[in-house]
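Written out below as structure tokens is the structure these notes cover.
The values are calculated or read from the model by the stated rules, or taken from the named source; none is laboratory data. Note that the structure is predicted; figures quoted are calculated from it, not measured. We place every Cβ from the backbone using ideal geometry, glycine too, and count neighbours over all the protein chains shown. All accessible areas refer to the heavy atoms of the entire protein, side chains included, with ligands and DNA or RNA removed. Shrake-Rupley method; radii C 1.70, N 1.55, O 1.52, S 1.80 Å.
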Amino acid sequence: MTAEESKLHAETLAAQGMGRVATPYHDIVPPIHVTTTYERGADGAFPGGRIYSRADNPTYDATEALIAALEGAAAAMVFASGQAAAAAVFQALAPGDGVLAPRNMYWALRKWLLQFAAPWGLSIEFYENGSIDDLAEKTQARRPRLIWIETPANPTWDLTDIAAASEIGRNIGAVVAVDSTAATPVLTRPIELGAHIVMHSATKYLNGHADVIAGALATAKDDELWQRIGYIRGSGGAILGPFESWLLLRGMRTLHVRVATVCTNAQTIALRLQEHPKLSHVLYPGLQSHPGHEVAVKQMRNGYGGMMSVRLRDGEAAAMSFVAKLRIFKRATSLGSTESLAEHRASVEGPGTMCPADLVRLSIGIEHVDDLIADLEHALE
Ligand SMILES: Cc1ncc(COP(=O)(O)O)c(C=O)c1O
């Protein structure tokens, strides 16, 4: 980031997609660099500063600079998906290293840890989301190399106190990495709270339009770990295409307005549904009844996000029937786009899921909130 850029607010940098006017045509919108390779000078040097696009592509520059600026990070890297970004962090460890991860977390990453990372040699242990005491105890006992946090965490939106967890990690020299997909940098900035690495499924709120699969990492320090992660991306090849990088930058231009709207819509819906007789739980960090509300107040600003889950008093069949009756909410997995989505989470996760069978996950979009409430209330009738 230039000295001039560093003086600007995140909203300004995002709205202008970093605002770097490209030469020679002075384009307001940056070009897409489709090249896979770069010309060498007669002296053998690389005057463009790049060799081959599996390692890096100029279309990444503004996208990564904006993610780093939004997170208050030293640097950022884009990946082919959120899973690829997360996997690169774990692969940067050495076989034999210990990992502490939350019991409730994005299920496909949990499955990858158990089915790939553990046989590869990482020692995986899970801590109770939201229990700093459990995390502290397991950290003392296991001396992990990495503490993984997801907050708010799928699918119950449990909060983990990032500042407290970072201190616990720092005391034993562990890396603390945060999957901040649901929070977005608009609501939580983990590096300011002491985390080392921030991860996003950029497929979700960062891009925001359900048309790109992408991942991102941001780091507090450009250190040896970060260099190793860069090597893993370039050598393993889990890279983002230039078109996807460009679309991601375009999506992030509206990040702040989209997140503001989903927070307002979600808070309104959660308050409206919290006493509904058909529901046993409305799980939303913005409600005082949510177990993580106090931590959310402490570490989230501008709102509590667009993700919530509801649990149906009458069990799984009622949850299925509720989803089937929705008209405005689309029945689909994923989250963080402009349109609202609903899914019966346990059946998406499949065998071995820890998700309650009566739970429906809602990703609240930017539609008019009255339409969303009418749809939910009709489907609950
Ligand atoms: C919280 C969270 N982390 C990581 C991922 C994985 O991201 P991707 O689908 O971009 O690989 C997801 C995807 O749903 C997610 O919700």
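Miscellaneous remarks
- Computed over the chain, relative contact order equals 16 percent, with contacts defined as Cα pairs under 8 Å that lie 6+ residues apart.
- Legend: residue pairs K111/K138; K111/K278; K111/K221, Cα-Cα distance threshold 25 Å; pairs beyond threshold, K111/K278; K111/K221.
- Cα lying deepest toward the dipole's positive end in region 1-155, options I124, N104, T59, charges on Cβ: I124
- Summary value for region 1-79: 27 percent relative contact order, contacts being C-alpha pairs under 8 angstrom separated by 6+ residues.
- Placing unit charges on each Cβ (+1 for Lys and Arg, -1 for Asp and Glu) gives the chain a dipole about its Cα centre, and among H9, I147, Y38 the Cα reaching farthest toward its positive end belongs to Y38.
- Rounded to whole Å, sorted largest first: equivalent-ellipsoid semi-axes of region 229-381, Cα gyration tensor: 29, 20, 17
- Diffusion of region 303-381 by Stokes-Einstein, at 4 °C in a medium of 1.567 mPa s and with Rh set to the Kirkwood radius over alpha-carbon pairs, works out to 102 µm²/s.
- Loop-located chymotrypsin sites (Phe, Trp or Tyr not before Pro) in region 25-124 whose Cβ has at most 13 other Cβ within 10 Å (DSSP): Y25
- 3J(HN,Hα) from dihedral phi, region 360-373, Karplus parametrisation 6.51/-1.76/1.60, rounded to Hz, x for glycine, proline: 10, 8, 10, 9, 7, x, 9, 5, 5, 5, 5, 5, 5, 5
- Taking the DSSP bridge list for the chain and keeping only pairs wholly inside it, about 60 percent are antiparallel.
- Accessible surface of region 230-345, 1.4 Å probe, proportion on carbon and sulfur as whole %: 55
- Full-extension gain in nm, N302 to R50, via 0.36 nm per residue minus C-alpha separation: 86.8 nm
- Between 0 and 90 degrees, the angle of helix 82-91 with respect to the longest Cα principal axis of the chain falls at about 70 degrees.
- Protein heavy-atom surface of region 1-154, 1.4 angstrom probe: 53% of the accessible area is carbon and sulfur, with nucleic acids and ligands not counted.
- Charges were assigned to the Cβ only: +1 to each Lys and Arg, -1 to each Asp and Glu. The resulting dipole of region 241-320 about its Cα centre is roughly 260 debye.
- You can think of it this way: the chain between Y231 and D371 has 45.6 nm of extra reach, that is 0.36 nm per residue less the Cα-Cα gap.
- Value of Rg to Rh for region 1-63, rounded to two decimals, is 1.05; Kirkwood radius and Rg both from alpha-carbon coordinates.
- Dimensionless Rg/Rh of region 15-123 - Kirkwood Rh, Rg from C-alpha atoms: 1.09
- Ranked packing of 253-259, 136-142, most packed first, by mean Cβ within 10 Å: 253-259, 136-142
- Taking amide hydrogens as placed 1.01 Å from N in the peptide plane, the amide H of D158 sits under 5 Å from those of A153, each at least 5 positions away in sequence or on another chain.
- Each residue of region 295-307 is assigned a 3J(HN,Hα), and the resulting list reads 5, 4, 4, 6, 10, 10, 10, 6, x, 10, x, x, 9 Hz, derived from the Karplus form 6.51 cos²θ - 1.76 cosθ + 1.60 (θ = phi - 60°), x at Gly and Pro.
- Reachable aspartates and glutamates, given that their alpha-carbon falls under 19 Å from the alpha-carbon of K204 and they are not under 8 places away in the same chain: E11, E64, E71, E150, D158, D179, E244, E339, E343, E349, E367
- Shown here for region 325-381: trypsin sites (Lys or Arg not before Pro) in loop regions (DSSP other than H, G, I, E, B) with at most 13 other Cβ atoms within 10 Å, namely R327.
- Accessible area of region 158-286 divided out per residue, in Å², using a probe of 1.4 angstrom: 35
- Candidates I51, I232, I213: whichever shows maximal mean-square fluctuation once the chain is modelled as a Gaussian network with Cα springs under 10 Å: I51
- Magnitude of the charge dipole, the chain, Cβ model with Lys/Arg +1 and Asp/Glu -1, debye to 20: 400
- Phi angles across region 313-327 convert, under the Karplus curve 6.51 cos²θ - 1.76 cosθ + 1.60 with θ = phi - 60°, into 3J(HN,Hα) values of 4, 8, x, 4, 4, 5, 5, 4, 5, 4, 5, 5, 8, 5, 10 Hz, Gly and Pro given as x.
- Relative pair counts by distance (%), Cα atoms of the chain, 20 Å bins: 29, 57, 14, 1
- 5 Å binning of all Cα-Cα separations within region 180-228, expressed as whole percents from 0 upward: 5, 21, 27, 21, 16, 9, 2
- Among A317, A342, A55: highest mean-square fluctuation, GNM of the chain, C-alpha pairs under 10 Å: A317
- Each helix, a run of at least 4 DSSP H residues, gives -39500 (n - 2.57); summed and divided by the residues of the chain, these come to -10500 deg cm²/dmol at 222 nm.
- Charge dipole (the chain, unit charges on Cβ, about Cα centre) - positive-most of A84, N171, L380: A84
- Qualifying GluC sites (Glu not before Pro) for region 204-307 [loop in DSSP, other Cβ within 10 Å: at most 14]: E275
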